1. Looking only at segment 172-200, count how many residues are surrounded by 18 or more Cβ atoms within 10 Å (Cβ to Cβ), part of a loop (DSSP other than H, G, I, E, B) and in contact with a Ser or Thr (Cβ under 8 Å, 6 or more places away or on another chain).
2. Quick one: would you say Leu145 is aliphatic (A, V, I, L, M), farther than 18 Å from Leu5 by Cα and modelled with pLDDT of 95 or more?
3. One residue is enough: does segment 41-63 have a residue meeting the conditions out of contact with any helix residue (DSSP H, G or I) (no Cβ under 9 Å at 6 or more places or on another chain), closer than 24 Å to His201 by Cβ, open to solvent by 60 Å² or more (accessible area, probe 1.4 Å) and free of Cβ contacts under 8 Å to residues at least 60 places away in the same chain?
4. Identify the residue in segment 70-114 that is among the charged types (D, E, K, R), over 13 Å from the mean Cα position of the chain (by Cα) and more than 22 Å from His201 (Cα to Cα) and, among all such residues, is least open to solvent (accessible area, probe 1.4 Å).
5. Exactly one condition in (1) at pLDDT below 95; (2) at negative phi; (3) surrounded by 20 or more Cβ atoms within 10 Å (Cβ to Cβ) is false for Gly36; which is it?
6. Specify which of the listed residues (Gly129, Gly117, Gly169, Gly123) is in a helix (DSSP H, G or I) and either open to solvent by less than 30 Å² (accessible area, probe 1.4 Å) or farther than 24 Å from Asp41 by Cα (or both).
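The values are calculated or read from the model by the stated rules, or taken from the named source; none is laboratory data. Predicted model, so just to flag it, every value in this text is computed and none were measured. Positions of Cβ are generated from backbone atoms using ideal geometry, with glycine treated the same way; all protein chains shown enter the neighbour counts. Just so you know, the surface numbers come from the protein's heavy atoms only, side chains and all, with ligands and any DNA or RNA stripped out. Shrake-Rupley method; radii C 1.70, N 1.55, O 1.52, S 1.80 Å.
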Amino acid sequence: MDGTLLNSMAVVERVWGAWADRNGVDREILMKSVHGVRAVDTIRKLGLAVDAEFEARELAAAEIADVEGIVEIPGAVAFLNSLPPEKWAIVTSAPLELAVRRLAAAGIPTPRLMITGEDVSAGKPDPQGYLLAAGRLGVRAEECLVFEDAPAGILAGRAAGAEVAVITGAHVAAADTPHLTLAHYTDVEARLGDDGWLSLHRLNR
């Protein structure tokens, strides 16, 4: 969601930056590790003498309250609206309330199916979220195309067995990747075949 459908970097830098300052963490180093990962997992890896779950809840509350500057990745809304609603899902490391808040701020439709960081026991790069989403969509993960923006998400998608497309328009955390890369969605479209399967195509302009 963040970095793949919407750009929330302004909020992330404000909220996480302030948190880093309060806890004596280098902002620049922290920003390299937050993308695509549950907040609680990021905090635990820092090894700070804090209650990681409490801090994650506090960060989520601050992010829910601050949606200034959140925008869609260009073409994301039109792309999602072109998909049959039963054929796509969002798998995000964010908690549900934050995910819904940010989608609304960016003008992005809430999907029928959304797997959040609260729905899994292990966050990305563990594939649990993508496997759960595929199962609820009624397909195998190997039959899915995952859109990701960060190394943890890419690893999760690949571990699930899915193909991966990397969105680079919000930040460059996963710019060096062997996977298909897209800056945004304005140059691609999804086509529904007679067999009921979707395929992704680049537009010639």
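1. First, pick out the residues of segment 172-200 that are surrounded by 18 or more Cβ atoms within 10 Å (Cβ to Cβ): 173-174, 182, 185.
When the remaining residues are screened for being part of a loop (DSSP other than H, G, I, E, B), the result is 173-174, 185.
Filter again for in contact with a Ser or Thr (Cβ under 8 Å, 6 or more places away or on another chain), leaving 174.
Final tally of qualifying residues: 1.
2. Values: aliphatic (A, V, I, L, M): yes; farther than 18 Å from Leu5 by Cα: no; modelled with pLDDT of 95 or more: yes.
No; evaluated as a whole, the condition is false for this residue.
3. For segment 41-63, residues out of contact with any helix residue (DSSP H, G or I) (no Cβ under 9 Å at 6 or more places or on another chain), closer than 24 Å to His201 by Cβ, open to solvent by 60 Å² or more (accessible area, probe 1.4 Å) and free of Cβ contacts under 8 Å to residues at least 60 places away in the same chain: absent.
4. Arg101
5. (2)
6. On the way: Gly117 fails: in a helix (DSSP H, G or I); Gly169 fails: in a helix (DSSP H, G or I); Gly123 fails: in a helix (DSSP H, G or I).
Only one candidate passes the filter, namely Gly129.
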